[in-house]
1. Rounded to a whole number, what % of the accessible area of the chain do carbon and sulfur atoms account for, probe 1.4 Å?
2. Give me the distance in nm between label points sitting 7 Å out from Cα along the Cα-to-Cβ direction at H28 and H111, one decimal.
3. For region 67-82, in order, what is each residue's ³J(HN,Hα) by Karplus, 6.51 cos²θ - 1.76 cosθ + 1.60 with θ = phi - 60°, in whole Hz (x at glycine and Pro)?
4. Once every DSSP H run of n ≥ 4 in the chain is given -39500 (n - 2.57) and the sum is divided by its residues, what mean residue ellipticity at 222 nm do you get, rounded to the nearest 500 deg cm²/dmol?
5. What value does region 38-139 have for Rg/Rh, both radii from Cα atoms and Rh as Kirkwood defines it?
6. Leaving out ligands and nucleic acids, note down the accessible area per residue over region 13-82 with a 1.4 angstrom probe, in whole Å².
7. Apply the Karplus parameterisation 6.51 cos²θ - 1.76 cosθ + 1.60, with θ equal to phi minus 60°, to every residue of region 27-38 and state each ³J(HN,Hα) to the nearest whole Hz, in sequence, with x for glycine and proline.
8. Quick one: which residues, 5 or more positions from T115 or on another chain, have an amide H under 5 Å from its amide H? H modelled 1.01 Å from N in the peptide plane, none for Pro or chain starts.
Amino acid sequence: MSVGFDKHDHSACIKDALQSASSYCAKHKLQFTKNRQRVLEILVAQHKAMGAYDIMPLMQSDGQTAQPPAVYRALDFLVAHGFAHKVEKRNAYIACAHPGQDHIPAFLICHSCNTVEEAITGPVLIPLGSAAQKSGFRI
């Protein structure tokens, strides 16, 4: 479900993402550390492409110590296991809107508010305009 540009319940969105990641990690015997959880929570809540230096102050405001290497390790883990994507052009990260699904994402980024929505284009690429229209995004 696409939520980047839609009004929705952030707490449910965050809860679902954390539960999905936690279940995946338990099933695959991976450690879903407090640091990894918090980074994912921030990415899901913000719906924006964020770099490590954008994430650190939000972690520190919770009283967590957040150094760049720790945040980058968490981001690498989240990307490696399909919970986040790296937006190469911006050297930033977003939470995956479709974890557990094999997909090819396209990112719709609003230049006004910097909100990002992930559109699935699939193995056979559909026109980006069509994916944007389904999301309520105007190119």
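The values are calculated or read from the model by the stated rules, or taken from the named source; none is laboratory data. None of these values were measured; they are calculated from a predicted model. Every residue, glycine among them, receives a Cβ derived from its backbone with ideal geometry; neighbour counts consider all protein chains shown. In case anyone asks, the SASA skips ligands and DNA or RNA and just uses the protein heavy atoms, side chains included. Shrake-Rupley method; radii C 1.70, N 1.55, O 1.52, S 1.80 Å.
1. It is 53 percent, rounded to a whole number.
2. In this crude spin-label approximation the distance works out to 3.7 nm.
3. Those phi angles translate into 9, x, x, 5, 5, 4, 5, 5, 5, 4, 4, 4, 5, 4, 9, x Hz.
4. My calculation for the chain gives -13500 deg cm²/dmol from helical runs alone.
5. 1.00
6. Result: 55 Å² of accessible area for each residue.
7. Per residue, the Karplus-derived 3J(HN,Hα) values read 4, 9, 6, 10, 8, 9, 5, 4, 5, 5, 4, 5 Hz.
8. Residues meeting the amide H criterion: C110.
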